[in-house]
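*Asks:* Before I ask anything, here is the structure I am working with.
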Amino acid sequence: MAQEKESANIFSFKDERCSPDPILEYSTSLYDGSVPLVIDNGSYQCRAGWATAKKQQPQLVFKNITAKQRGKKESDLQVGNEINNIEVVRWILRTQFDRNLVTLYDVQEQIFDYIFTHMGITTESAVEHPILMTEPVCNPNYCRQQMSELLFECYHVPRVAYGVDAMFSLYQNQPKLDKGDALIVDCGYQTTHILPVLGGRMDSATCRRINLGGAHLDGFMQRLLQLKYPGHFAAVTLSRAEELVRDHCYLAADYASDLENWVANDYYDDNVHKIQLPFVSAPGNQQTVSAKQAKERRDQQIRRLKEVNAKKRVEKLRNDEERLQELMSLQELLEDEDDEEFNRALQGSEFDSAEELQIAINKLTGNIQRAKAKILGIDPPPEEEQQAKTPVYDLLEIPDDQLTPDQLSVKKRQRMLKNAREGRMKAQAVQRAKRQKEIEEDKKLEIKRLMNFDGWLQEVRSKRQKLLDARTKRKQRKSDMAKRRTLASQQRMKIITQLAGGGTKKKKKEDTFGQNDADWEVYKEIHPENADSDSEAEEETLEELETQLREHDPEFQKELDKGMDPQGEFDIAEYYRLHLAIERVRVPELLFQPSMLGLEQAGLAETMGYVLKKHDADRQGRLAQNVFLTGGNANFRNFQQRLQTELLEMRPFQSLFNVSCAANPILDTWYGARKWALSPHFTTHSISRQDYEEKGGEYLKEHRLSNRFFPTPVVVPTS
């Protein structure tokens, strides 16, 4: 059952490729030139078709983009569905839109050429059909002038009519709304509009635009997944992000509670969508390699690894010897009885006393002896290398009461020097014993390797795993100690405070240790972040074990190449999966919270409330009872519920409201425009060529589905 649920949540990218649009037949029924051509000129897709088409749907639907490589002929221009793979040519894509306004009319001309050619229009140097075009809300007169000039001067069309895209969608779904009120929520590709309709006409004065649409959602999805899966950065393309937004996202009716649900593991497992990426093997893996070549490569890698390890040991030995020489030079000041110079040099170092200096010298001496023995493969020398000068400590046996103050100072120095020498000799002895033990263990392991290879291999793996586990535990403990409220840091702080308090005094007061900020500051001082308990010898041992496994266990190298833990398994299918979880609701939430993308604009609900407050209470009630949702983003699941929730919060108690959605939020604009083109209103309210020549290109014949026309004021020069 669990496996069935797992497979139900796994999806793959469709990676749809566009097929070029065919050139349609120009039938004899179109010859008279009276059939209107309906064009829904959207910022994402363009939809065009004859108003009298039998299928009653647009014959052309394509993305409103063009692509032309530099240096190519004009005939090599690609438009819409002719671009098979958009990602390949994305850097040379062009669109005529700036947000939702047409500003590049050379690109618009290329789009018109594509439409008229594929609609099969064969009339030479003219398009002898009236055209009904959609335009954005409050389209500037200059943009309309340029569009009319292009249609009348370049294509010699007989008549043109303009209408607002959202109003055509409302007309398709509510054709009887002649004098009624409505509040249109138009969710476009570049912008989102809130349009109040009063008495059947759009109220331009109270319309509002949000500069956020489907394009921003696609880009946000791409950024989220590329940050979440940097290893698959190139695989998360903008086209794939668009597919994820369209097919997998939904709007949360209550965003805050939905976020809390995603925290629960069961909810996550039930609702996460796992997108399976195609597996592409590395180019080197596609070549056939013989067993002999593979063995030679492996041997070469092992030799190189040994050389690198040896070089690292020699470099570390050289650094340790230089460091030891510096510390010994500092200690010689003490032997030369130059106390003032010694104290001055000690203050400039990281040591607070001569004892700390001696501890560092002893540690470095032991490390150097061990490293030399490791490199040469021998035991450390039994005695100190410098035997020429035998130190004399003649004052140590004389009681203090028989010495002068100067002699007491010399006696103190002699005691320190004697302890230092004994410490060095003891460190050498410890290193010799440790190295001897390692040599004996190596000999036993070598005998075991020859006698029982499988057992030896298992033991080496076991040792390596123990070292890795110990390192993981130390890192975890270090991480816990860096956090104030963890048990590890609380216990350590308590011990430190007890030691600082001196004693074993037991207080009956309530134990509030660790709650004081001063305790935490002291703890941070004595536990610096750069403290590291990892042993250098442990690192060397780990390198040796891994070198042995590389040399004698071919499976170990394979596991490393695949990124596997030798004690576990690597699921390559899971590595190539994108988990689409909270992103499913976070991306559409941009419509209501543009601040998530860094846009300083109000969201959809706030803008709706602002628009409603522009009207009196009675008009607000009528608008709220007919909220109409259209546009591509209206296809998000739960969009109507979310708007109802927002209206419930902003409207007065027990007031009525209703939210409806277009039957086809994407195509209803074209369907409504087609219906209006077949009505008598089209002929009455279309702009003829005579109107264009007499009244200018910006002229607009108003109708109830169009923008309002405000003539551009003429600037009269003052004398």
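The values are calculated or read from the model by the stated rules, or taken from the named source; none is laboratory data. Remember, it's a predicted structure, so these values are computed and weren't measured experimentally. Here the Cβ is made from the backbone with ideal geometry for all residues, glycine too, and neighbour counts use every protein chain on show. Keep in mind that these areas ignore ligands, DNA and RNA; they rest on the heavy atoms of the full protein, side chains included. Shrake-Rupley method; radii C 1.70, N 1.55, O 1.52, S 1.80 Å.
*Asks:* So which pairs qualify, if the first residue must be in segment 677-696 and in contact (Cβ under 8 Å) with a residue 60 or more places away in the chain and under 18 Å from Asp40 (Cα atoms), the second must be of a type in the set (D, E, K, R) and crowded, with 16+ Cβ neighbours inside 10 Å, the Cβ gap must be under 8 Å, and the two must be at least 6 apart or on different chains?
*Replies:* Sorted first by the residue in segment 677-696, then by its partner, the pairs are His685/Lys701; Ser686/Arg159; Ser686/Lys701; Ile687/Arg159; Ile687/Lys701.
*Asks:* For the condition free of Cβ contacts under 8 Å to residues at least 40 places away in the same chain and either surrounded by 22 or more Cβ atoms within 10 Å (Cβ to Cβ) or within 29 Å of the chain's Cα centre (by Cα) (or both), what is the one hit in Leu227, Leu183, Leu195?
*Replies:* Answer to the selection: Leu227.
*Asks:* Mind listing whichever residues of segment 17-47 are more than 21 Å from His129 (Cα to Cα) and in a strand (DSSP E or B)?
*Replies:* Passing the criteria: only Gln45.
*Asks:* Filter segment 575-590 for residues that are open to solvent by 10 Å² or more (accessible area, probe 1.4 Å) and either under 24 Å from Tyr189 (Cβ atoms) or not in a helix (DSSP H, G or I) (or both) and give the result.
*Replies:* Tyr576, Arg577, His579, Ile582, Glu583, Arg584, Arg586
*Asks:* Oh, and also: Looking at (1) at pLDDT below 95; (2) open to solvent by less than 20 Å² (accessible area, probe 1.4 Å); (3) within 25 Å of the chain's Cα centre (by Cα), find the lone condition where Met596 falls short.
*Replies:* Going through the list (1) at pLDDT below 95; (2) open to solvent by less than 20 Å² (accessible area, probe 1.4 Å); (3) within 25 Å of the chain's Cα centre (by Cα), Met596 breaks only (2).
*Asks:* Would you be able to tell me the number of residues in segment 115-132 that are touching a helix residue (DSSP H, G or I) at 6+ places or on another chain (Cβ under 7 Å) and within 15 Å of Ala51 (Cα to Cα)?
*Replies:* Number satisfying all stated conditions: 2.
*Asks:* Right, next: Residues of segment 591-619 being within 26 Å of Asp181 (Cα to Cα) and either of a type in the set (D, E, K, R) or not in a helix (DSSP H, G or I) (or both), which ones?
*Replies:* Across segment 591-619, the qualifying residues are Phe592, Ala602, Gly603, Glu606, Lys613, Lys614, His615, Asp616, Asp618, Arg619.
*Asks:* Separate question: List the residue pairs whose Cβ atoms are under 6 Å apart, where the first residue sits in segment 201-224 and is closer than 19 Å to Leu599 by Cβ and free of Cβ contacts under 8 Å to residues at least 60 places away in the same chain, the second is open to solvent by less than 40 Å² (accessible area, probe 1.4 Å) and part of a loop (DSSP other than H, G, I, E, B), and the two are 6 or more positions apart or on different chains.
*Replies:* If the second residue must be open to solvent by less than 40 Å² (accessible area, probe 1.4 Å) and part of a loop (DSSP other than H, G, I, E, B), the pairs left are Gln222/Val236.
*Asks:* List every residue pair whose Cβ atoms lie under 7 Å apart, where the two residues are 6 or more positions apart in sequence or sit on different chains, the first residue falls within segment 697-718 and is modelled with pLDDT of 90 or more and open to solvent by less than 100 Å² (accessible area, probe 1.4 Å), and the second residue, located anywhere, is of a type in the set (Val, Ile, Thr) and not in a loop (DSSP other than H, G, I, E, B).
*Replies:* Tyr699/Ile687; Lys701/Ile687; Leu705/Val164; Ser706/Val164; Asn707/Val164
*Asks:* When both residues are 6+ apart or on different chains and their Cβ atoms are under 9 Å apart, which pairs have a first residue that lies in segment 60-75 and is under 16 Å from Glu109 (Cβ atoms), and a second that is modelled with pLDDT under 65?
*Replies:* As it stands, the answer is Lys68/Glu74, since those pairs meet every condition given.
*Asks:* For segment 225-283, which helices (runs of 4 or more DSSP H) that fit wholly inside it have 3 or more residues that are of a type outside the set (D, E, K, R) and over 13 Å from Val587 (Cβ atoms)?
*Replies:* Passing ranges, in order: 255-263, 265-271.
*Asks:* Can you give me the number of residues within segment 136-154 that are open to solvent by 10 Å² or more (accessible area, probe 1.4 Å) and within 43 Å of the chain's Cα centre (by Cα)?
*Replies:* 10
*Asks:* Looking at this structure, is Val89 modelled with pLDDT of 90 or more and on the phi < 0 side of the Ramachandran plot?
*Replies:* no
*Asks:* In segment 599-617, what residues are within 27 Å of the chain's Cα centre (by Cα) and over 20 Å from Ala634 (Cβ atoms)?
*Replies:* Leu599, Glu600
*Asks:* Could you check segment 21-68 and list, in sequence order, the residues that are at pLDDT below 90 and farther than 27 Å from Trp676 by Cβ?
*Replies:* Selection gives Lys68 alone.
*Asks:* Also: I'm trying to understand the selection: among the residues of segment 98-139, which are hydrophobic (A, V, I, L, M, F, W, C), touching a residue at least 12 places away in the same chain (Cβ under 8 Å) and part of a loop (DSSP other than H, G, I, E, B)?
*Replies:* If the condition is that a residue be hydrophobic (A, V, I, L, M, F, W, C), touching a residue at least 12 places away in the same chain (Cβ under 8 Å) and part of a loop (DSSP other than H, G, I, E, B), then Met119, Ile121, Ala126, Val127, Val137, Cys138 are the ones that fit.
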